Amino acid sequence: MHKRSKKGASHNTGPGFGGPVHPHAGLLRLMQTSLRDTAHGLKAWTNAPHPEALHQARVAWRRFKGLRCFYRPMLPKPPQAHRAVLQDLWRCSGALRNLDVALGSTLPVWRQKHPDIAPQEWPQLIRQLQSQRRTTRRHLYQALKQPETQAGWRAWRRWLQQAHCAKTCSPKDWQVWTGQRLRKLHQKIKHGLKATKPEPQHACRILMKQERYVLEGLVPEKLGQTLRRRLKRLRQAQRTLGQDQDQRATLALIEQSGQFPVLTQAWRASL
């Protein structure tokens with residue numbers, strides 16, 4: 001019985017997916033988990049429309065999408081069938097998420113801090129947003145039940161199953177490529193953080209999420225101190241930008257009808 005040569009042993013020198021498996025396989029497993037978590041979260045929401053279930057489904061989908069975008073050159077071409085249907089579904093889920101956050105936390109916290117501002121406008125605003133949330137929930141529920149939506153999920157699952165046909169490289173080359181792409185992405189984020197307008201700030205936040213998901217997908221012990229510190233800063237910055245985005249999304253909900261001038265003015269002044 002021959003001893004296994006050290007030279008021939010399978011070692012992972014990739015960017016942190018760990019184990020004697022090519023990093024590409026680890027990436028696919030992580031994306032499969034994210035897609036599965038998305039489906040589970042949406043199913044839980046259809047059974048009981050709790051905001052947290054929808055939130056977790058959206059987080060899982062963003063992780064899947066962020067990893068796919070970052071590693072796009074290493075992956076096969078994504079499916080185009082039913083793309084528009086899924087995009088409409090996620091737009092609807094985003095609108096519902098904004099309403100859930102506004103009614104569940106942003107508005108109550110702001111009102112507690114400013115109890116004397118426009119007390120006459122609050123009851124009508126809350127009734128209007130609650131009605132809007134009920135309507136948006138129905139739309140999302142109907143969208144999830146569409147045959148085209150189910151076909152879209154199946155297309156993504158098939159795509160992941162066939163992704164082993166993607167462009168391949170050695171684990172070491174994968175590590176080098178990932179490091180180079182992370183540096184380019186981080187430069188875009190640094191540039192985006194200088195933005196003062198909401199739209200580029202939101203675009204920067206999306207890039208930060210992408211960088212965070214990639215770093216979180218790497219084995220912690222494979223990350224150097226610089227990347228660990230960067231990951232910590234990303235989480236902190238995302239929380240800050242997320243809170244600001246919630247405030248602006250709530251302002252948009254308040255001013256969309258044009259019926260709450262005092263609250264609109266006061267809320268905008270507080271940003």
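Annotations for the structure displayed:
- One equal scatterer on each Cα of region 219-271, no solvent, Debye formula: the resulting log10 I(q)/I(0) at q = 0.14, 0.24 Å⁻¹ is -0.53, -0.86.
- Stokes-Einstein translational diffusion, region 178-271 - Kirkwood Rh over all Cα pairs, 1.002 mPa s, 20 °C, in µm²/s: 143
- In the structure shown, the pairs K65/K209; K77/K172; K145/K209; K172/K232; K65/K172 are assessed against 19 Å; a Cα-Cα span above that value is assigned to K77/K172; K145/K209; K172/K232; K65/K172.
- Longest stretch of the chain clear of exposed loop sites (trypsin sites (Lys or Arg not before Pro), DSSP loop, at most 12 other Cβ atoms within 10 Å, sites excluded): 8-166.
- Distant alpha-carbon pairs in region 112-271 (separation over 27 angstrom), percent: 54
- Surface share of carbon and sulfur [accessible, 1.4 angstrom probe, percent] for region 103-198: 51
- For the residues V109, V59, V101, a GNM of the chain with alpha-carbon springs under 10 Å puts the largest fluctuation on V109.
- Rounded D (µm²/s) - region 69-127, Kirkwood Rh over Cα pairs, Stokes-Einstein at 25 °C, 0.890 mPa s: 163
- Here the alpha carbons of the chain define both size measures, Rg and Dmax, at 22.1, 86 Å.
- Solvent exposure of the chain as accessible area per residue, Å², 1.4 Å probe: 59
- For the chain, the mean residue ellipticity at 222 nm estimated from helices alone is -24000 deg cm²/dmol, where every DSSP H run of n ≥ 4 contributes -39500 (n - 2.57) and the total is divided by all residues, rounded to the nearest 500.
The values are calculated or read from the model by the stated rules, or taken from the named source; none is laboratory data. It should be emphasised that the depicted structure is a prediction, and the values quoted were computed from it without experimental measurement. Quick reminder, even Gly has a Cβ in these numbers, built from the backbone with ideal geometry, and neighbours come from all protein chains shown. Note: areas computed on protein heavy atoms with side chains; ligands, DNA, RNA excluded. Shrake-Rupley method; radii C 1.70, N 1.55, O 1.52, S 1.80 Å.
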